[in-house]
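Heads up, the thing below is written out as structure tokens.
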Amino acid sequence: MVYLDHAATSPMRQVAVDAWIEHAGALNPGSQYGAGRRARSVLDDARESVAEIMGADPVEVIFTASGTEADNLAVQGLYRASELTRVVSTEIEHPAVGETVAALGADVEFLPVDRSGHVSDLSALETPAALATCMYANNETGAIQPVAEIVARAGDTPVHVDAVQAVAKLPIHFHDLGVTTLASSAHKFGGPRGAGFLLARRSPAPTAIIHGGGQERGIRPGTVDVASAAALAAALREAVGEMAAEDVRIAELRNTLRDNILATVDDVVVNSVEPVLPGHLHVSFPGADGDSMIMLLDSLGIEAATGSACHSGVNRMSHVLEAMGVQMSDGIGSLRLTLGRTTTAEDVDAVSRHLADVVARARVAGLR
Ligand code: PLP
């Protein structure tokens, strides 16, 4: 099997499985007796690890049940915390942010994106807003966005960054970056699915959008899953420790795969353009049927995505390619190949050997 869908999710790291199993029996970390204090101490250790690795204070780490939840707590919470009704965002956000912004009922202005998938004009940030929100790196193309410049241009407007694809792929220091809130998801860096964190400065803090027992500064109330927090922290430590070397190794494999595709297939459009995450390769094959490519690759034991797995089942061009100005006839014949920790040179060889034939057959299917 060749797994090339690391942007959708990455297999759990053994250190995360071990931490998860070790702490599966942890009781309520809010209880005052011994078992509660022991659970609390495991949770405190996880919080301190995440804070240290991410350049935040422990109190700024809020454990959540997903990246989606972290995005919602920040976007809805910062909007509620403000008296303004204006929001600045982009048209390439993941639905965890895009749909949340749409549901606010706010007056939304979008930063435009150029053909390379990067936010290209920051002038909308000069008018004050309740919040500005921009992803760190796009989940489909891997395009890395100018977050530091966005923070500089935003002035007093709080900035939320969806860093779900970027954490443990790029060096990120929460305080140095200067954003107000940052969302991350454990399963993208080898932690468990169903676990994430929000980094949230003390001020301005998001107003609570769910209500309960006051855990996690009242921003994410509910009994915290201690085993998942410990597993998340273990995965993050290992992933960030390997990051510098892995980024080089994975980018080399990705570049080889891209060059092999360009050498063997006619009429290819590469949509992953620098600055880009090391593991992303988004390519369009005009005239090819996207679903046919996925099924043909699957029959060869190669697992990849068309557009984004988050919208699988819907055969239309992704909103990201649309925002980049890609023609519909080109964009629906796209593959997102995302490499990661388990990817080898043999995997790249296998895909390179089969892709020309797969695309040729998918182009025949596309004619129907
Ligand atoms: N934001 C981005 C950029 C993502 O890629 C994803 C997942 O694909 C999410 C948010 C949602 O994360 P989760 O799956 O943990 O809810």
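The values are calculated or read from the model by the stated rules, or taken from the named source; none is laboratory data. Note that this is a predicted model, so its numbers are computed, not measured. In this analysis, Cβ positions are derived from the backbone assuming ideal geometry, glycine residues included, and neighbour counts consider all displayed protein chains.
The table below gives the values:
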| quantity | calculated |
| --- | --- |
| Enumeration of residues in the stretch 1-30 that are under 9 Å from Ala231 (Cβ atoms), outside any helix (DSSP H, G or I) and not basic (Lys, Arg) | Met12, His23 |
| Test for Ala81: is it under 19 Å from Val179 (Cβ atoms), within 12 Å of the ligand (Cβ to nearest atom), touching a residue at least 40 places away in the same chain (Cβ under 8 Å) and surrounded by 16 or more Cβ atoms within 10 Å (Cβ to Cβ) | no |
| From Glu149, Glu109, Glu99, residue being within 16 Å of the ligand (Cβ to nearest atom) and not small (Gly, Ala, Ser) | Glu99 |
| Unmet criterion (only one of (1) under 11 Å from the mean Cα position of the chain (by Cα); (2) surrounded by fewer than 18 Cβ atoms within 10 Å (Cβ to Cβ); (3) among the charged types (D, E, K, R)) for Arg202 | (1) |
| Residue list for the stretch 123-166, restricted to those being of a type in the set (D, E, K, R) and under 20 Å from Met324 (Cβ atoms) | Glu140, Glu149, Asp162 |
| Neighbours by Cβ (under 6 Å, 6+ apart or cross-chain): first from the stretch 1-24, of a type in the set (Val, Ile, Thr); second modelled with pLDDT of 95 or more and not in a loop (DSSP other than H, G, I, E, B) | Val2/Ile302; Val2/Asp347; Val2/Ala350; Thr9/His187; Val15/Ala234; Val15/Glu238 |
| Extreme residue, farthest from the ligand (Cβ to nearest atom), among residues of the stretch 155-165 that are outside any strand (DSSP E or B) and touching a residue at least 40 places away in the same chain (Cβ under 8 Å) | Thr157 |
| Residue count, the stretch 177-197 (criterion: in a helix (DSSP H, G or I) and either at positive phi or in contact with a helix residue (DSSP H, G or I) (Cβ under 6 Å, 6 or more places away or on another chain) (or both)) | 1 |
| Selection within the stretch 131-146 - away from the ligand (no atom under 13 Å from the Cβ) and surrounded by 23 or more Cβ atoms within 10 Å (Cβ to Cβ) | Leu131, Ala132 |
